[in-house]
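Read the figures in this text as sums done on the coordinates, not as results from a lab. Not measured: the values here are computed from a predicted model. All Cβ positions, even for glycine, are placed from backbone atoms using ideal geometry, and neighbour counts span all protein chains on display.
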Amino acid sequence: MDFFGNAVSHYIHCWYWCLYSYTFVSRYDAYNCILGKGDYSPTKRKLTKRAERIGSFYWPLVTAVYLGWSFLSMDWHITWIVWPVAGVLFPAIIWLYNILKDDEE
C-alpha cells in the first residue's frame, strides 16, 4: 500500500475505535447514573456540589486579584503566576473544606 492508503486505513481504524469506546463509556456512565454508583453516588454528588459552591466564589475572586494586581503593577509578565498557584490551591481548599465539613457532621 502506498502512503495515502495507509493513512486512510489508519484514519478509519482510529474512528472505529473512538466510536466504539465512546459508546461503551456512554452506556457504562448511563448505568452508573441510574444505579447511583461511582461518580453518581450520593456521597460523590454531595462532594461535587460543595466543590461547585466553593468554585463559584473562588475563581471570580482569583480573577479579581489577578486583574487588580496586574493593572496596578503593570507586571503582566509576572502576574500570570496567579493561575498555576490558584489551580494547585483549589483542590487543597476543597479537600480541607470537605475534612472540616465532615468533622462537623
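Below, the figures for the structure above:
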| item | result |
| --- | --- |
| The stretch 60-86, residues that are surrounded by 13 or more Cβ atoms within 10 Å (Cβ to Cβ), within 23 Å of LEU47 (Cα to Cα) and free of Cβ contacts under 8 Å to residues at least 24 places away in the same chain | none |
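Residue-wise test of (1) within 20 Å of the chain's Cα centre (by Cα); (2) surrounded by 12 or more Cβ atoms within 10 Å (Cβ to Cβ).
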{"site": "LYS44", "(1), (2)": "yes, yes"}
{"site": "LEU47", "(1), (2)": "yes, yes"}
{"site": "ARG50", "(1), (2)": "yes, yes"}
{"site": "VAL88", "(1), (2)": "yes, no"}
{"site": "ILE99", "(1), (2)": "no, no"}
